[in-house]
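The values are calculated or read from the model by the stated rules, or taken from the named source; none is laboratory data. Since the model is a prediction, treat every value here as computed from it, not as a measurement. Note: ideal-geometry Cβ built from the backbone for every residue, glycine included; neighbour counts use all protein chains shown.
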Amino acid sequence: MTAGVGGSVPGFVDLHSHVLPGVDDGPEAWDGAIEMLRDAATTGTTHIVATPHGDGRATWDSVDSLRELCTGLGVQLESEGVSMTLSLGMENPLEMDTADKVDQGRALTLDGSSNILVELPFRQLPLYWEEALFRLQLGGLHPVIAHPERQAQLQDKPDLLAGPVSRGVLTQLTAGSLTGAFGPGAKKAAEILCKKGLASLIASDCHTPGGSRSPDMRGGFNAVANLLGEETAARMAWETPRGLLRSTT
């Protein structure tokens with residue numbers, strides 16, 4: 001456990017994870033999903049949002065099937081005495097019609113809130129990316145950009161996020177980026193975003209029980225604490241994500 005969990009942080013709230021089995025590039029089977037969730041609980045996470053991909057990596061049949069999987073995993077965790085709240089969201093590709101997909105039930109917000117996790121292409125920023133974020137906001141949604149520190153153009157020019165952040169867009173750093181698990185470019189960009197006040201929260205973006213894609217958020221928490229202090233780390237790993245799950249308007 002980190003020094004923060006049990007002290008300034010009652011437990012991590014992880015808004016970005018791939019823990020549902022057989023629906024994307026996360027665990028293939030039920031046992032792997034349960035192992036990941038056990039590991040998350042063991043390393044200090046108390047609430048995790050399953051956010052399966054909503055793009056070409058998705059292999060799920062329907063949103064209803066995702067809800068059934070999420071409910072089933074929650075029941076299994078409870079039966080095994082694992083202390084973990086599990087809820088459902090989606091990692092949605094940022095497109096001009098993302099708000100329409102939410103209205104149609106083909107894209108999901110975070111735990112039914114007004115906050116929506118969106119992903120940018122890793123190499124080239126679309127010309128419309130800021131307009132697409134603004135359209136979501138006009139539709140009453142609050143975008144949270146997933147792992148901007150891993151996006152090539154934002155690594156080169158982190159200040160490109162200053163405009164969207166000033167207009168209320170949030171950003172989610174991956175815990176592993178802060179520890180160097182995704183290379184020096186992502187680590188440097190994550191640190192710059194933290195120092196410039198352009199990073200809102202951290203999450204695991206876990207895909208596997210162990211390794212660089214594990215649900216263990218302690219390294220990322222400690223990295224932020226070393227950079228900016230434990231109060232800021234607590235805000236990014238617990239207070240802000242917890243508040244987003246409570247936000248429905």
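Assorted remarks:
- Test result for Val118, closer than 18 Å to Met236 by Cβ and without any contact (Cβ under 8 Å) to a residue 60 or more places away in the chain: no
- In the stretch 184-207, the residues that are over 12 Å from the mean Cα position of the chain (by Cα) and either buried (at least 20 other Cβ atoms within 10 Å of the Cβ) or among the acidic types (Asp, Glu) (or both): Ala186, Ala189, Ala190, Glu191, Leu193, Cys194, Leu198, Ala199
- Taking first residues from the stretch 36-53 that are over 15 Å from Arg213 (Cβ atoms) and partners that are in a strand (DSSP E or B) and at pLDDT 95 or above, the Cβ contacts under 6 Å between residues at least 6 apart in sequence or on separate chains come to Gly44/Phe12; His47/Val13; His47/Thr85; Val49/Leu15; Val49/Ser87.
- The conditions of being assigned to a helix (DSSP H, G or I), surrounded by 15 or more Cβ atoms within 10 Å (Cβ to Cβ), within 18 Å of the chain's Cα centre (by Cα) and not basic (Lys, Arg) are not met by Ala181.
- Where Thr71 falls short, out of the listed (1) out of contact with any strand residue (DSSP E or B) (no Cβ under 9 Å at 6 or more places or on another chain); (2) without any contact (Cβ under 8 Å) to a residue 12 or more places away in the chain: (1)
- If only residues of the stretch 34-49 that are hydrophobic (A, V, I, L, M, F, W, C) and within 17 Å of the chain's Cα centre (by Cα) are counted, the one that is nearest to Gly220 (Cα to Cα) is Ala40.
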